[in-house]
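Engineer: The following block contains the structure, expressed as structure tokens.
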Amino acid sequence: MFYCAIIGDIIGSRKLEDRQEVQTKFLAMAEKANKLYQSEIASPFTVTIGDEFQVLLKCSHVAPKVIDFVKREMASVELVFGVGIGEIVTDINPKLAIGMDGPAFHFARNAIEQAKKKKPKIIYKSDSAGMCMINSLNYFIESCTERRTKRQKQVLEYLRQDLTQEAIAHELGIKQQSVSDIIKLSYLSEVEDAKRTISFYLKDIDHCKK
């Protein structure tokens, strides 16, 4: 059976003035994520080396949602992720994501080391086809999101909370057309299309590897 290993790391964590606060926030995030994605997790979020953490998922198509959740919850710090898809050759540890071995973790380790050196900050690796496409799409998504202004991020957060454009306009004291223009300039549609394509590829991999 194939699994999806995710290894994440906080960039420059040792230089953070509020490192203890960040670590406390991470532990709270991990507990929340382990509950939210309980049915999808084979081995839960676990802090490993320094400020690295890892989790083992049952299916790879869940990885983008899990990573997006971590990024939202830990928005105050810069993160990198390595995602590996492959077999686990040891017994699965259902309590901690440590003490396991196999290609899934080897790919994830290789991926995060690459992500620490160059973009994108989320890299997928596997012996399956489609990894180059997925990583190229992640690069595109990252480039679009990094260009977003504070106002664009604010509007998109309201959208994520299911507010209508009219409600957002009222909240910000601007016209509805201005909200629409802000959304277009944030490349939301293009980013969502890229995310759907990644999900399609990962679901196909999950189907083929069953």
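Engineer: Under a straight-distance cross-link criterion of Cα-Cα below 17 Å, which lysines are reachable from Lys25, leaving out those fewer than 8 residues away in the same chain?
Structural biologist: The qualifying lysines are Lys15, Lys35, Lys71.
Engineer: Still on this structure, I have one more. Between 0 and 90 degrees, rounded to the nearest ten: what's the tilt of helix 103-117 against the longest Cα principal axis of the chain?
Structural biologist: Roughly 50 degrees, rounded to the nearest 10.
Engineer: I need the phi-derived Karplus couplings for segment 48-54: 6.51 cos²θ - 1.76 cosθ + 1.60, θ = phi - 60°, integer Hz, Gly and Pro marked x.
Structural biologist: Per-residue couplings from phi come out as 10, 8, x, 10, 7, 9, 8 Hz.
Engineer: Can I ask one more? What does a probe at Thr90 reach in segment 1-20, counting residues whose amide N is under 18 Å from the point 7 Å along Cα→Cβ?
Structural biologist: Counting only backbone N, you get 1-8.
Engineer: Go through 135-142, 160-167 and give me the packing order, highest mean Cβ count within 10 Å leading. Present the calculation step by step, with values, prior to reporting the outcome.
Structural biologist: Details: 135-142: 18.4, 160-167: 12.0.
Ranking the peptides 135-142, 160-167 by packing returns 135-142, 160-167.
Engineer: Would you work out which of Leu57, Val80, Thr24 lies farthest towards the positive end of the dipole of segment 2-128? Charges go on Cβ: Lys and Arg +1, Asp and Glu -1.
Structural biologist: Checked the options; the winner is Val80.
Engineer: Continuing with this model, one more query. Which shape class, rounded, prolate or oblate, goes with the chain when its Cα gyration tensor gives a ≥ b ≥ c as root eigenvalues, a/c under 1.5 marks rounded, and past that a/b bigger than b/c marks prolate?
Structural biologist: prolate
Engineer: Here's something else I'd like to know. Of the residues Leu16, Leu188, Leu172, which exhibits the maximal mean-square fluctuation in a Gaussian network model of the chain defined by a 10 Å Cα contact cut-off?
Structural biologist: Leu172
Engineer: Which value, in debye to the nearest 20, describes the size of the charge dipole of segment 1-103 about its Cα centre when Lys and Arg Cβ atoms bear +1, Asp and Glu Cβ atoms bear -1, and nothing else is charged?
Structural biologist: Dipole about the Cα centre, nearest 20: 240 debye.
Engineer: Moving to a separate point now. What angle, in degrees between 0 and 90 and rounded to the nearest 10, separates the Cα long axis of helix 131-146 from the longest principal axis of the Cα atoms of the chain?
Structural biologist: It is inclined by approximately 40 degrees.
Engineer: Give the angle, between 0 and 90 degrees and rounded to the nearest 10, that separates the Cα long axis of helix 150-160 from the longest principal axis of the Cα atoms of the chain.
Structural biologist: 70
Engineer: Please list, in chain and number order, the residues 5+ apart from Ile122 or on another chain whose amide H is under 5 Å from its amide H, with Hs placed from the backbone.
Structural biologist: Phe81
None of the figures in this text is laboratory data; all of them are computed from the coordinates on show. Since the model is a prediction, treat every value here as computed from it, not as a measurement. Cβ coordinates were reconstructed from backbone atoms using ideal geometry, including for glycine residues, and neighbour counts include every protein chain displayed.
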